[in-house]
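Participant: Dropping a structure here in structure tokens format, bear with me for questions.
The values are calculated or read from the model by the stated rules, or taken from the named source; none is laboratory data. Predicted model only: the values in this text are computed from it and were never measured. Here Cβ is always computed from backbone atoms with ideal geometry, including for glycine, and neighbour counts include all displayed protein chains. Side chains are part of the model used for accessible areas, which takes the heavy atoms of the whole protein and leaves out ligands, DNA and RNA. Shrake-Rupley method; radii C 1.70, N 1.55, O 1.52, S 1.80 Å.
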Amino acid sequence: AKKLGKDQAQVFDVAFIERMNQNWMLEQELQRYLEEDAIQVAFQPIYSVTAKRIVGVEALARWSHAVRGNISPGVFIPIAEEAGLIGALGAQVMRRGCREVAAWNEAWGVSLFLSVNVSAKQFADAGLLAAIHSMAGECGLGAELIHLEITESVLLMDDVAVERTLMEARGYGMGISLDDFGTGYSSLSYLLNLPVDEIKIDRSFINDLHLDPRRVELVRAVLTLGQTLGKRVVAEGVEREDQLEILHGLGCEFVQGYLISRPLESEAMNDLLGMVGKA
Ligand code: C2E
Ligand code: CA
Ligand code: CA
Ligand code: CA
């Protein structure tokens, strides 16, 4: 038993060191991809159930590695945050996003908004909002069409600095969206105290909507809360027709998920907009 214990400890150490090495290698390679402007962006439509049209898109970072294939954001976003690369990554996603959405709005005569995920780490950069604002301006995209998606990890940081940054965003006319709503702890006080315009109900609440009446009541409660406080509500991760029907019945106006469309590369997104534009 003693020997086995020793072996196990050794196996653990090797696995640990391998993981460290792996992360270090990914970090180096991510840096190289960023330097070469080779991180891609996928776009997922956000759909208005009442207007029956796409009203905006969420930009999602994509890393297609020449040797390792597609690496999930769930893997490389934390690495980017740890390695101090999230600012550069976020800027690339924002620049690409602004450019594409401005072109689509022009080409198809629409005014889609662009939602971009902003990590807590990026909030430490005092120049963040001015940089985003000038990027949007260079592309001819109105700042009011920029939505910043933040999670509660942002709100857990230094209150004063966060509030200042959020007020700065509001000053530019940008929208603030509270992502993954319901998965953190103190969302309710934030809704009262901070300038949040939109709530995105986390996918985990939508998953079993068609199976679990309690979840329906929970979503109904969030919708009421949003309505009372004057916030838009988006349901994330809508995959099934019956989920959409329930959400429609509850008066949820905005939905996002595989049922409407998976995240698409820009060319496919452009084709989709052309198709729905003509319909
Ligand atoms: P998120 O912001 O909650 O983004 C939604 C995630 O749900 C995306 O995963 C999207 O592909 C996925 N999704 C959308 N609809 C459905 C559905 O109907 N069913 C299911 N099962 N999944 C759906 P993705 O692209 O893998 O991104 C994962 C997370 O990585 C994002 O979660 C976000 O937190 C982070 N992320 C992605 N891009 C960026 C970025 O540019 N910057 C930052 N800071 N974070 C990013
Ligand atoms: Ca998001
Ligand atoms: Ca989310
Ligand atoms: Ca998430």
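Participant: Step by step: first the residues of the stretch 249-279, then only those that are near ligand 1 (Cβ under 9 Å from one of its atoms) and loosely packed, with under 13 Cβ neighbours inside 10 Å, then the one that is farthest from Trp108 (Cα to Cα). Which residue is that?
Facilitator: Ranking the qualifying residues of the stretch 249-279, first place goes to Tyr258.
Participant: Would you be able to say whether some residue in the stretch 61-72 is under 21 Å from Ile260 (Cβ atoms), open to solvent by less than 40 Å² (accessible area, probe 1.4 Å) and touching a Ser or Thr at 6+ places or on another chain (Cβ under 8 Å)?
Facilitator: Scanning the stretch 61-72, I find no residue that is under 21 Å from Ile260 (Cβ atoms), open to solvent by less than 40 Å² (accessible area, probe 1.4 Å) and touching a Ser or Thr at 6+ places or on another chain (Cβ under 8 Å), so the answer is no.
Participant: Among all residue pairs at least 6 apart or on different chains, which show Cβ distances below 6 Å where the first residue, located in the stretch 255-279, is under 26 Å from Ile201 (Cα atoms) and the second is open to solvent by 60 Å² or more (accessible area, probe 1.4 Å)?
Facilitator: Listed pairs, sorted by first residue: Gly257/Glu239; Tyr258/Glu239; Leu259/Glu239; Leu273/Trp108.
Participant: For the stretch 68-111, name all the residues that are more than 16 Å from Gln40 (Cα to Cα) and of a type in the set (A, V, I, L, M, F, W, C).
Facilitator: Ile79, Ala83, Ala102, Ala103, Trp104, Ala107, Trp108, Val110
Participant: If you scan the stretch 21-48, which residues turn out to be of a type in the set (A, V, I, L, M), more than 20 Å from Gly97 (Cβ to Cβ) and buried (at least 17 other Cβ atoms within 10 Å of the Cβ)?
Facilitator: The answer is Leu26, and nothing else.
Participant: Do any strands (runs of 3 or more DSSP E) lying entirely in the stretch 158-271 carry at least 2 residues that are within 22 Å of Gly56 (Cβ to Cβ), of a type outside the set (Val, Ile, Thr) and within 16 Å of ligand 4 (Cβ to nearest atom), and which ones are they?
Facilitator: 175-181, 198-201
Participant: Looking only at the stretch 50-69, which residues are hydrophobic (A, V, I, L, M, F, W, C) and touching a strand residue (DSSP E or B) at 6+ places or on another chain (Cβ under 8 Å)? Working first, answer last.
Facilitator: Filtering the stretch 50-69 down to residues hydrophobic (A, V, I, L, M, F, W, C) leaves 51, 54-55, 57, 59-61, 63, 66-67.
Within the stretch 50-69, Ile54, Val55, Val57, Ala59, Leu60, Ala61, Trp63 qualify.
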